[in-house]
Structure formats: structure tokens, C-alpha cells
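Data first, discussion second: the structure below is written as C-alpha cells.
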Amino acid sequence: MTATMTYVGLDVHARSTQAAAIDVASGELRRARFGGDSAELVAWLDALPQPLRACYEAGPTGFALQRQAAAAGIDLCVVAPSKTPRAAGDRIKTDRKDAELLARLLLAGQLRPIAVPSPSLEAARHLCRAREQLRGDLMRCRHRVSQLLLLHGRVYPGATAWNGLHRKWLSRQRFEEPASELAYLDSLAAVDGLVARRQALDERLSRLALAGEWAPTVARLRCFRGIDTLSALLLGLEIGDFGRFDSPRELAAWLGLVPTLDQSGESRRQGAITKTGSGYARRLLVEAAWHYRREPRIGVSLRNRQQGQPAHVLQIAWRAQDRLYRLQRRLRARGKPANVATVAVARELACFLWAAAVAV
């Protein structure tokens, strides 16, 4: 820590920002309040005694302030709010107190900065998350159609819903009441519109995965069973640079796939997974983990995805199939629930993906 360092904590909101600056040399605490214009805030930071280090918590305001400060040569980091230490007995919370707390914790070295994505990476994430949100909207619209039919005692006799045959059956449904007919057609039109939007997004994301700067990572992740182009792209974008994790265990912990731990004295109890980090990436890994219930094999589709990839990456993918299959069988034989076993497989799958992404 430099003797003349200035540490600044910022509590950033959409229309206001509270700032607290601590001058290490004099011990002086300065406070300031700004509106929604970040230019005034950046100018104030630049006028403080240098060298300076500032921080604010990640939130809905994004990374625009950090990028503007970086362009002005100011060391402004973004920290994880879930990792900010807070006193258990503190029941008074204000923006002034939060800004001062961040400044003091930054001075003590107790804050953990997060990786700020590049503008291109953040834009690609927005597109992937738009597709993910559309998936949820489509599921809810389909449920509305099925529930409306069920209210009138109509159940599709086929085995698989929402395929071509099911869509033809839906188009033949008619209702005596005009209001019910209109409600049904409106819900069905909403489903068709969302399906068309999903197809357009999938096409755009496929081009982005194969021709963008993330193409090498996507190609390696596609070598694994249960991971194809879209899921590989979303994993690559959500995780970002795999190399920023020193070990696969760090990646698994960042994804929230490690169990919680309560240890005191001789007592030690593990609970559910922490569920920190990206929920999108965690869901994709759990869905991919279900594919490892089957015996290891390389089918036609997987073989096509693996063409042209380095031999050591293919070896890692094959070891993943063998190990994860045996892990699934072993946990199920011990009486573990299927969901618990699948999450354990997802945790180890993340470690194999790390090995494939960073392997030289």
C-alpha cells in the first residue's frame, strides 16, 4: 500500500452516486454526491490526490462507468456485492455508509474485483441471454395453450408434444364460445411468433459461434457429449476467459456447483450447492450432465463435431465420458438421488471443459 494512496468507494445508482474518498497520507475522509451524469464523477475522481484506486459494486448500472473511468486513466474496479463483508449486527443501511464501507474495505484489501467483459463480449452475452429469456417466454406460452385446452377436457393423445403432428392437432381445435376461440387463437399465435423469433436468434448465434472471436473455444467445447454449438457459445460467453481461473476447482466454485460448508470445531456439514456465478451456465452444464447416464460412445453427430480438433482435446473429451459415466453409476448405486448425482457430474464436467479450453 502506497503512503500517498487515495481509496474511493462509490455507491452507484441510476440517478445518483454517493462517493467516499480516504486519503491515506492525511487520514481525511471526503464525501460527495453526484447525479446520473458520470462525466462529473470521473472529473472529481481525476482531481483527487494521486495515485488513486476506486471501486463500486456490480449491479444493474453495468460497466459503463468503469469503462469511462478507464478511458480517463483512472483505476476503477468493479467488485462482487455477494463477496462484500458486512457486519451481522448492522441494521442501518444508507448510501453514505455503503460508500464509506467500500472505501475502507478497498483500503484493507478485502474486496474481490470481478472480470469486466469487453464491449463485444458483453454485446454477445446480451444476445445469448435474449435467446435464453425467449426460451422461458415460449415455455410459459405453451403452458397457457395446454392449460386452456385442459380446461375444456382436451388432451393430446400423442406421446410427444410440440412437434409437427401436435401442431396440426392444435390447429384443428375449435370452441363453441367466440371468446374462448379468440383466447385460444391468441395464445397459439403467441407461440408461433416466439418460435419464429427463436429460429432467427438461433441462426444469428450460430453464425456468431462459427465466425466470431470465440470460435476456437466453441469448437473445443463442442467436442464434449451434450454440448453443441449454442450451448458451447453461451458457456464460452458466460465464463469468458477460462485462463483467468488458476484451477478447475476455482471455475466450479465460480459457477456455484460446489456444496455449501458449515464447519465449527469438530462439526462439519455440507449442504446444497452455493449457486453463485452465472445461472445460465450452471443450467446448461446440468442439462449436459444428463447425457452421461449412457455408456461412453462417439456417435455420428459427436464425431462430426470433433473433426479437425487437436488430439489432446479429444482425449480429454473421451476421458470425461468414461469418468462421468462411472461417477453417475457409482453415486446412483450409493442411493444418491438422480438430481444430486447429475449436479456432481456437472461439477466435474466443468473441470473437464476448463482443461480442454486452456490446454495447449
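The values are calculated or read from the model by the stated rules, or taken from the named source; none is laboratory data. Computed from a predicted model, the values in this text were never measured in an experiment. Note: ideal-geometry Cβ built from the backbone for every residue, glycine included; neighbour counts use all protein chains shown. Calculation scope for accessible area: heavy atoms of the full protein, side chains included, ligands and nucleic acids excluded. Shrake-Rupley method; radii C 1.70, N 1.55, O 1.52, S 1.80 Å.
Taking Cα atoms only, the orientation of helix 311-333 departs from the longest principal axis of the chain by about 80 degrees. Most simply put, the chain has about 65% antiparallel DSSP beta bridges, counting only bridges with both residues inside it.
Sorted on the mean count of surrounding Cβ atoms within 10 Å across their residues, most packed first, peptides 224-230, 194-200, 280-286, 78-84 read 224-230, 280-286, 78-84, 194-200.
If the segment from residue 322 to residue 29 were pulled out straight at 0.36 nm per residue, it would be longer than the present Cα-Cα gap by 99.6 nm. Tell me the angle of helix 38-47 to the major Cα principal axis of the chain, expressed in degrees between 0 and 90 and rounded to the nearest ten. With rounding to tens, the tilt is 40 degrees. Could you give the angle, 0 to 90 degrees to the nearest 10, between helix 178-211's Cα long axis and the longest principal axis of the Cα atoms of the chain? Once rounded, one gets 60 degrees.
Spin-label model, residue 270/residue 97: points 7 Å from Cα along the beta carbon direction are separated by 3.8 nm. Ligands, DNA and RNA are left out, and with a 1.4 angstrom probe the accessible area of the range 47-156 is 56 Å² per residue.
Label-to-label distance, residue 186 versus residue 210, with points set 7 angstrom from Cα along the beta-carbon direction: 4.0 nm.
What a 1.4 Å probe finds exposed on the chain is 52% carbon and sulfur by accessible area, rounded to a whole percent. Solvent-accessible surface of the range 286-360, taken per residue with a 1.4 Å probe and all protein chains present: 56 Å². When the inverse distances between all different Cα atoms of the chain are averaged and flipped, the Kirkwood radius reads 24.3 angstrom.
The Cβ shell under 11 Å around residue 238 holds other residues with a net charge of +3, Lys and Arg each +1, Asp and Glu each -1. Which net charge results when you count Lys and Arg as +1 and Asp and Glu as -1 among the other residues whose beta-carbon is under 15 Å from that of residue 196? That works out to +3.
Dipole magnitude for the chain: about 1860 debye, using +1 per Lys or Arg Cβ and -1 per Asp or Glu Cβ, origin at the Cα centre. With a bin width of 5 angstrom, please list the P(r) values of the range 1-111 as percents of all Cα-Cα pairs, from the 0 bin to the one holding the largest distance. Binned Cα distances yield the sequence 2, 12, 25, 27, 20, 10, 3, 0.
Taking the Cβ-Cβ separation of residue 115 and residue 15 as r and a Förster radius of 30 Å, what is the calculated FRET efficiency to the nearest 0.05?
Result of the calculation: an efficiency of 0.65.
The order of 316, 273 by accessible area, most exposed first and with a 1.4 Å probe, is 273, 316.
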